[in-house]
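Right, one structure below, let's go through it.
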Amino acid sequence: MAWFKKKPEAPEGDPKTVRTEGLWIKCDSCGAIIWKKELDETQSVCSKCGFHFKIAAKDRLGLLFDDGAYEEFAVGLRSTDALEFVDQKPYQQRLEQAQEKTGLKDAVIAAVGKINGRTVVVCAMEYRFIGGSMGAVVGEKITRGVERAIKEKAPLVVISASGGARMMEGMVSLIQMGKISAALTRLSRAKLPYVSVLTDPTTGGVTASFAMLGDLNIAEPGALIGFAGPRVIEQTIKQKLPKGFQRSEFLVEHGMLDAVVKRGEMKAFLAKSFEFFCGPVQ
């Protein structure tokens, strides 16, 4: 028999037990180990290298609106499973799991509130909800966001975080590209500004439609932005892509975006943009 014995784990609730799970997070870029409280204070941006972690749609709205206060609208909309789609699991099951995980009914929040005293409509996409994919509900809520902006005579901001159109809804998901684009034409005719904020990732049908149609197209640092992914492109053209290809800095350099804006500077940048488009707050 061994002369040593493994010390048993302390029972749950024992004051000697130290729980560290979730208190420290490793940066995906530089590998630094960051205390979660510190990350919360920096708006989920690595203080060592500036890497922008993904954040929830509700957190984005809280950072942008004055005092974190806003009114959510079009809250009752839910996706249906008209195709009875099944891949690794039924689509209906995916919806229910995503709703339970995020506390949302679908992959976007539509809200109205004040940014530096100005009424603004903001639609923020939630990547944790089936990859932020765009189905009928996402298309309808962003369209209603456009209509609310016209009604309020207010600027519109759409914050994209999406893998693209939701394949489980087939052609219905693709129709949303044209639907939102048509609504944005009405916003333009009303002479109201639309600022598109692209975050990591913004790809597929979202990039191919409303995400690149802003009067101002801006992105967070390091965001992956494109239609097809870089691996698909490399396999198609049989060539190695340039360093940083499809990242926001690369796209600014090549004229596809207007600016790269750090998360902590986003609210001030938007407020200044609205003043340029609409004049001072009345």
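The values are calculated or read from the model by the stated rules, or taken from the named source; none is laboratory data. Predicted model only: the values in this text are computed from it and were never measured. Methodologically, a virtual Cβ is constructed for each residue, glycine included, from the backbone with ideal geometry; neighbour enumeration extends over all protein chains shown.
Within region 29-51, the set of residues being part of a loop (DSSP other than H, G, I, E, B) and without any contact (Cβ under 8 Å) to a residue 60 or more places away in the chain comprises Cys30, Gly31, Ala32, Cys46, Ser47, Lys48, Cys49. With respect to the stated conditions, Asp59 is modelled with pLDDT of 95 or more and within 30 Å of Glu169 (Cβ to Cβ).
In summary, Glu71 fulfils each of the numbered conditions (1) touching a Leu at 6+ places or on another chain (Cβ under 8 Å); (2) surrounded by fewer than 18 Cβ atoms within 10 Å (Cβ to Cβ) with the single exception of condition (1). When the criteria are applied in full, Leu184 meets the requirement of being in contact with a helix residue (DSSP H, G or I) (Cβ under 9 Å, 6 or more places away or on another chain), part of a helix (DSSP H, G or I), touching a residue at least 12 places away in the same chain (Cβ under 8 Å) and surrounded by 15 or more Cβ atoms within 10 Å (Cβ to Cβ). Tell me whether region 153-165 contains one or more residues that are part of a helix (DSSP H, G or I) and surrounded by fewer than 18 Cβ atoms within 10 Å (Cβ to Cβ). No: zero hits. Restricting attention to region 173-200, the residues that are of a type outside the set (D, E, K, R) and at positive phi total 0. Against the test of being farther than 19 Å from Met212 by Cβ and more than 18 Å from the chain's Cα centre (by Cα), the options Leu104, Leu83 yield a single qualifying residue, Leu83.
Of all residues in region 103-115, one or more are of a type outside the set (D, E, K, R), touching a Leu at 6+ places or on another chain (Cβ under 7 Å) and closer than 22 Å to Thr207 by Cα.
Among the residues of region 86-104, those identified as touching a residue at least 60 places away in the same chain (Cβ under 8 Å) and either of a type in the set (Val, Ile, Thr) or surrounded by 16 or more Cβ atoms within 10 Å (Cβ to Cβ) (or both) are Tyr91, Arg94. The set of residues in region 105-128 being hydroxyl-bearing (Ser, Thr, Tyr) and either part of a loop (DSSP other than H, G, I, E, B) or crowded, with 24+ Cβ neighbours inside 10 Å (or both) consists of Tyr127 alone.
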